[in-house]
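Presented below is the structure to which this report refers.
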Amino acid sequence: MKGVILAGGLATSLRPLTLVTNKHLLPVYNKPMIYYPLEAMTRAGIKDVLLTSSIDHSGDFETLLKSGEEFDLQLFYAIQDNPKGGISEAILLAEDFSKGDKLLVLLGDNIFNADLKTAREMFEKKTKGAMVFGVRMPTESKQYGVIEMDDNGKVLSIEEKPENPKSDIAQTGIYMYDETVFGKIKNLSPSERGELEVTDLNNIYVKEGSATCELIDWWIDAGTSHDELLRANNLVAEKVRAGEL
């Protein structure tokens, strides 16, 4: 399995912090935000990782991360020409890189301490399908994609920011895909926002009956607002001091 970390976008919600830098290079407690998904890849046992970013800041990532040796990874880089193209469009940049292997995809502004190695090994044994990861958020799930699943972990539906959520499980920015993902992305139509949405991609697998969900204990999307960035700094500081991250 290969890894993909998505670190593009304009991050207009974090301005003026992101006027001259990429949000994934902002500090979260004691290290740059981008370190957290890289460390998650290492914990998962992934060795080859493609990092996607916009052309404005690709050189900054290379200067900071170099070959990835510090993380025991081999890093590769790709440019997303259209920063408004959406998550699925960014995943498409990994088609040649994947060489037919399954993918672990992480959003570069997502922070969590779950060890994905067991889930990765389980997913690699599957012939087809996708695996999404969720976290229970009883009062906040409808701010995200909401995952409905059965007792066996099979995903029944994923709804983006529903008024009446079918569960309290929020979809995180952690995904595993089989090699058919690129053909599925090519058949997507842009949403009203003009993006190729990852929830639309995941729902193709849901309709096929091949999407499963794993739950993790905690997760934070650090790049959505100043408040969430502050919350991420405070939460990570707490977890580091407790030896949990």
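The values are calculated or read from the model by the stated rules, or taken from the named source; none is laboratory data. Predicted model only: the values in this text are computed from it and were never measured. We place every Cβ from the backbone using ideal geometry, glycine too, and count neighbours over all the protein chains shown. Note: areas computed on protein heavy atoms with side chains; ligands, DNA, RNA excluded. Shrake-Rupley method; radii C 1.70, N 1.55, O 1.52, S 1.80 Å.
Run through all the Cα pairs of the chain and give the fraction in each 5 Å bin from 0, expressed as whole percent. Spelled out per bin, shortest first, that is 1, 6, 14, 19, 21, 19, 13, 6, 1, 0. Lys-Lys pairs in the range 128-245 that are eight or more residues apart or on separate chains and whose Cα atoms lie under 27 Å of each other come to 22.
Note on D81 and S191: their simple-model spin labels are 2.4 nm apart, each label 7 Å out from Cα toward Cβ.
Ligands, DNA and RNA left out, the 1.4 Å accessible surface of the range 9-48 is 59% carbon and sulfur atoms.
So in the chain, what percent of DSSP beta bridges are antiparallel if you round to the nearest 5? Given both bridge residues lie in the chain, the antiparallel proportion sits at roughly 50 percent. In a reduced charge model with +1 at each Lys and Arg Cβ and -1 at each Asp and Glu Cβ, the chain shows a dipole moment near 160 debye about its Cα centre.
Percent of C-alpha pairs per 5 Å bin in the range 155-210, short distances first: 4, 16, 28, 27, 18, 7, 1. Other residues whose C-beta falls under 14 angstrom from the C-beta of E89 contribute a net charge of -1, scoring Lys and Arg +1 and Asp and Glu -1.
Note on the range 52-150: Rg/Rh from Cα positions, Kirkwood definition for Rh, rounded to two decimals, is 0.98. Take every DSSP beta bridge whose two residues both sit in the range 5-143; close to 15 percent of them are antiparallel. Remark on V146: its backbone amide H falls under 5 Å from those of E159, E160, K161, Q171, a criterion applied only to residues 5 or more positions apart or on other chains, H modelled at 1.01 Å from N. Averaged per residue, the chain has 47 square angstrom of accessible surface, using a 1.4 angstrom probe with ligands and nucleic acids left out.
Give me the Debye-computed log₁₀ of I(q)/I(0) at q = 0.19 Å⁻¹ for the range 70-127, equal point scatterers on Cα only, no solvent, two decimals. Scattering profile of the range 70-127, log10 relative to I(0): -0.98. Each of N152 and R15 was given a label point 7 Å from its Cα along the Cα-to-Cβ line. The distance between the two points is 5.0 nm. Exposed loop sites, defined as GluC sites (Glu not before Pro) outside DSSP H, G, I, E and B with at most 16 other Cβ atoms within 10 Å, are absent from the longest region of the chain, namely 1-139. Along the axis of the charge dipole computed for the range 126-211 (Cβ charges of +1 for Lys and Arg, -1 for Asp and Glu, origin at the Cα centre), the listed residues V155, A170, M137 are led at the positive end by V155. Taking amide H as placed 1.01 Å from N in the peptide plane, V28 has its amide H under 5 Å from the amide H of M33, each at least 5 places away in sequence or on another chain. Hydrophobic, long helices, defined as DSSP H runs whose alpha-carbon span along the helix axis is 18 Å or greater and whose mean Kyte-Doolittle value is at least -1.0, occur in the chain at 226-241.
When only Cα pairs below 8 angstrom with a gap of at least 6 residues are kept, the range 103-229 shows a relative contact order of 37 percent. With the convex hull of its Cα atoms as the shape, the range 1-108 has an orientation-averaged projected area of 6.5 nm².
Length, then width, then depth: along the principal axes, the Cα atoms of the range 105-183 run 35, 27, 26 Å. Each 10 Å bin from 0 upward holds the following percent of the Cα-Cα pairs of the range 1-44: 26, 48, 22, 4.
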